[in-house]
Amino acid sequence: MNRFVAAERALRSAAPHQLVDAVREVLCDEYAATTVQLFLADYGLATLQPVPAGHDTGSGRPGRPAPSPPEPMPAHGSPAGRAFGSQEPFVEKLTDGRVRLHLPVTVRGDRLGVLAVTMPSADRAEECLDELADVAQVLGHEVIVADRDTDVYLRARRTDRLTLAAEMQWQLLPGRSCARAEYALGAQLEPAYAIFGDNFDWSADADRLMLYITNGMGEGIEASLLTNLGINALRNARRAGLSIADQAALADQAVYAQHRGDAHLSVLLLDLDLRTGRLQVIDAGSPQMLRLRGRTVTAFEFDAQLPLGMFEETDYVAQALDIDLEPDDRLVFASDGVYAVAAPGGERYGERALARAIVSTSLLPAAEVPRAVLRELAGHRGTPVPDDDALVVCLDWFGPPRTP
């Protein structure tokens, strides 16, 4: 049997909680690997956390004894972090001629972590590199599927305990990044382990990308419940094939029916036509949108409409941008926990500082931008942990698909 097929089959037939055991067994048997370890990015995108493994592959025969799990590694600057950031395999030279391959574990642009595989020689590593990179991609798909049936990988991602509100918010998200030929998306929430009401959601088909940036009022469980209600109401309307104006109207009714105007949800809804780059927007609250074109940052002012849930019946109108998106445009969205943050001296972060941060991160891929902007924000704030939710979303537009 082809060794890659053997690796793929081993992963697809493994029990959900035993993917690390399965990939270690098959890579040692078929590729002569000496050690295999999966690292997953933590919620704050600060460290790569090792996933623990057991002693049984689930194949009916004893597996290799699992080594003691290694220490977490920084998501920036370490060998594994270089592979995670660049999304390219990184070869680390070890002693006695051995090398360790750090392979990105990514699913459709959603960066999950890194697979570290130690090989006995550089020649052996070079021979197997492409196949092992493909194995890492298969592993990523299996981790996504396994998350439905086990908490092993969700637990491994944590450097601290999540608050209940944060648990609810992370479970609501579609992912932290995604990519296809027309665009790339990246997003990050802070404080990662204690977020309240900020959230994002996206969905795409052949012709359209719909994106929501939300900011629910309140704190703790109340804010999380409000955001869950609003996002699921928007999804319900979206999956019925309705326009963003009708999505907003139906979600508005759902929030009002539950809270009778005592709570509301700020949201920025976007509908991007992937064939033309034409963008329609509903600005129903506080999130802001800025565009980077070349080295110029433009902040967009839309017609302000009411946040969801303030009144019993509100009509919403989608607003079209005067200028369609052009290839290589970058859109950055930020909640008020970003641009309204005050320094110790009282100075607000504001649009000017946000624009400088957007320009300074212009060479980074979309998936890296939100975390980089939030690091700069922490420097302005003077404290590592924000008092309010902070959300940054980055959308890179590459242009419509080319017709053959």
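Points to keep in mind about this one:
- Number of positions in the range 1-25 that are in a helix (DSSP H, G or I), open to solvent by 10 Å² or more (accessible area, probe 1.4 Å), in contact (Cβ under 8 Å) with a residue 60 or more places away in the chain and not acidic (Asp, Glu): 5
- Residue count for the range 312-332 under the criterion of being loosely packed, with under 14 Cβ neighbours inside 10 Å and farther than 26 Å from residue 184 by Cβ: the result is 4.
- You will find that of 259, 264, the residue that is buried (at least 21 other Cβ atoms within 10 Å of the Cβ), of a type outside the set (A, V, I, L, M, F, W, C) and in contact (Cβ under 8 Å) with a residue 24 or more places away in the chain is 264 and no other.
- Filter result for residue 298 (over 24 Å from the mean Cα position of the chain (by Cα), assigned to a strand (DSSP E or B) and under 26 Å from residue 338 (Cβ atoms)): yes
- Within the range 346-358, residues that are of a type outside the set (A, V, I, L, M, F, W, C) have Cβ atoms under 6 Å from residues that are at pLDDT below 75 in these pairs: 348/342; 349/380, counting only partners at least 6 apart in sequence or on another chain.
- From the options 33, 66, 53, residue that is part of a loop (DSSP other than H, G, I, E, B), at pLDDT 90 or above, touching a Lys or Arg at 6+ places or on another chain (Cβ under 9 Å) and open to solvent by less than 70 Å² (accessible area, probe 1.4 Å): 33
- Filtered residue count, the range 191-203, keeping only those that are under 19 Å from residue 267 (Cβ atoms) and either open to solvent by less than 10 Å² (accessible area, probe 1.4 Å) or within 15 Å of the chain's Cα centre (by Cα) (or both): 8
- When residue 218 is tested against (1) open to solvent by less than 40 Å² (accessible area, probe 1.4 Å); (2) of a type outside the set (Lys, Arg); (3) in contact with a Leu (Cβ under 7 Å, 6 or more places away or on another chain); (4) closer than 17 Å to residue 307 by Cβ, exactly one condition is not met: (1).
- Put simply, of 353, 340, 372, 378 the only residue that is under 25 Å from residue 183 (Cα atoms) and not basic (Lys, Arg) is 372.
- Test result for residue 116, closer than 25 Å to residue 366 by Cα and either part of a helix (DSSP H, G or I) or open to solvent by 20 Å² or more (accessible area, probe 1.4 Å) (or both): no
- Of the residues making up the range 93-113, those that are part of a strand (DSSP E or B) and under 26 Å from residue 186 (Cβ atoms) are 101, 102, 103, 104, 105, 106, 107, 110, 111, 112, 113.
- Restricting the first member to the range 309-321 and to residues that are on the phi > 0 side of the Ramachandran plot, and the second to residues that are open to solvent by less than 50 Å² (accessible area, probe 1.4 Å) and among the charged types (D, E, K, R), the beta-carbon pairs closer than 7 Å and six or more apart or on different chains are 309/252.
- Criterion applied to 246, 252 was being charged (D, E, K, R), at pLDDT 95 or above, surrounded by fewer than 20 Cβ atoms within 10 Å (Cβ to Cβ) and outside any loop (DSSP other than H, G, I, E, B), and the one residue passing it is 246.
The values are calculated or read from the model by the stated rules, or taken from the named source; none is laboratory data. No experiment lies behind these values; they were computed from the predicted model shown. Note that we place each Cβ from the backbone using ideal geometry, even for glycine, and neighbour counts take in every protein chain shown. Accessible surface is based on the protein model in full, side chains and every heavy atom, while ligands, DNA and RNA are left aside. Shrake-Rupley method; radii C 1.70, N 1.55, O 1.52, S 1.80 Å.
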